[in-house]
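FYI, it's all coordinate maths here, none of it is from the lab. On a predicted model such as this, the values are computed, not experimentally measured, just so you know. No Cβ is skipped: glycine too gets one built from the backbone with ideal geometry, and neighbour counts run over all protein chains shown.
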Amino acid sequence: MIDYAQINQMLYEGNAREVERLVREALAEARPVSEILNEGLIAGMAVVGEDFKYNILYVPEVLVAARAMKAGLAILKPLLVASATENPPRGTLVIGTVKGDLHDIGKNLVCMMAEGAGFKVVDLGVDQPAERFLEAAVEHRADIVGMSALLTTTMPYMKVVIDAFQARPELAGVKLAVGGAPVNRMFADEIGADGYGPDAPSSVEMFLKFVGAT
């Protein structure tokens, strides 16, 4: 009989092959897909996020764990798509690195952890103009738009994106969040962001609050 704690542990250790095997085993036992996702993968990634937050794990370990989570998720995805009406995502996050900035390690961590927490994630990539954030928010009916910057020279472009959203009353319900090494809460408040994520786990906690999941 499948033990979800074992999936959690294998995910934590970044053992993608074992995560895949255990997820298949759980499916073979006719466990509900949502149960495998929540108790096996999401719960495991939550521990990874917590340990990363308190410097027990570091970026390389988190990336390996996230890949193991994605390996399990790849098996569940076709079944999740089929049952999407029964188990909708917690929310839709559109995220990208702002125009002029090509850094994405932090953004990629946020994407992986947000997906692990049950969000539908639309990753725009790097060097994204305000227009692309707007288009994607409309196209995917985003609940949250996240912006990342690693350069002090590209930080001001976050305000350009926020101003573009504020000029569109129909997008008033979209939460705008910012993050990245040079960004801080004071800057986020100054440019009118709805939230600031100092690291990936904190960002995901903020996203969950935005959609009323905590």
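The table below gives the values:
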| item | result |
| --- | --- |
| Rounded if a/c under 1.5, otherwise prolate or oblate - the range 146-214, Cα gyration tensor axes | oblate |
| Across K107/K209; K53/K107; K77/K159, pairs whose alpha-carbon gap is larger than 26 Å | K77/K159 |
| Three-way shape label, the range 11-133, alpha-carbon gyration tensor, a/c 1.5 | oblate |
| (i) 0.99; (ii) 1.02; (iii) 1.08, with the label sought being that of the calculated Rg/Rh (Cα atoms, Kirkwood Rh) | (i) |
| Table column - 3J(HN,Hα) (Hz), the range 154-168, Karplus curve with 6.51, -1.76, 1.60, x for Gly and Pro | 9, 3, x, 5, 4, 5, 4, 5, 4, 4, 5, 5, 5, 7, 10 |
| Assigned charges on the beta-carbon of Lys, Arg, Asp, Glu; the range 4-82 dipole about Cα centre (debye) | 280 |
| Percentage relative contact order, the range 92-210, counting C-alpha pairs under 8 Å, at least six apart | 28 |
| Sites L79 and D199 - FRET efficiency at Förster radius 35 Å, r taken between beta-carbons, to 0.05 | 0.65 |
| Potential extension, K70-M186 segment - 0.36 nm per residue separation minus Cα distance | 38.3 nm |
| Simple label model, 7 Å out from Cα along Cβ direction - R141 to V47, nm | 3.6 |
| Helix-only [θ]222 nm of the chain, DSSP H runs n ≥ 4, -39500 (n - 2.57) each, per residue, nearest 500 | -15500 deg cm²/dmol |
| Antiparallel bridge percentage (DSSP; both residues within the chain; nearest 5) | 0 |
| Simple label model, 7 Å out from Cα along Cβ direction - E35 to D3, nm | 1.8 |
| Anisotropy class of the range 92-210 from Cα gyration tensor, a/c 1.5 cut | rounded |
| Karplus (6.51, -1.76, 1.60) ³J(HN,Hα), θ = phi - 60°, over the range 3-13, in Hz, Gly and Pro reported as x | 10, 5, 4, 5, 4, 4, 5, 5, 5, 4, 7 |
| The range 27-39 - phi-based ³J(HN,Hα) in whole Hz, Karplus 6.51/-1.76/1.60, Gly and Pro as x | 5, 5, 7, 6, 6, x, 4, 5, 5, 4, 4, 6, 7 |
| Nonlocal amide H pairs with T97, under 5 Å, H built at 1.01 Å | G125, V126, D127, Q128, S148 |
| The chain: relative contact order as a whole-number percent, Cα under 8 Å and 6+ apart | 18 |
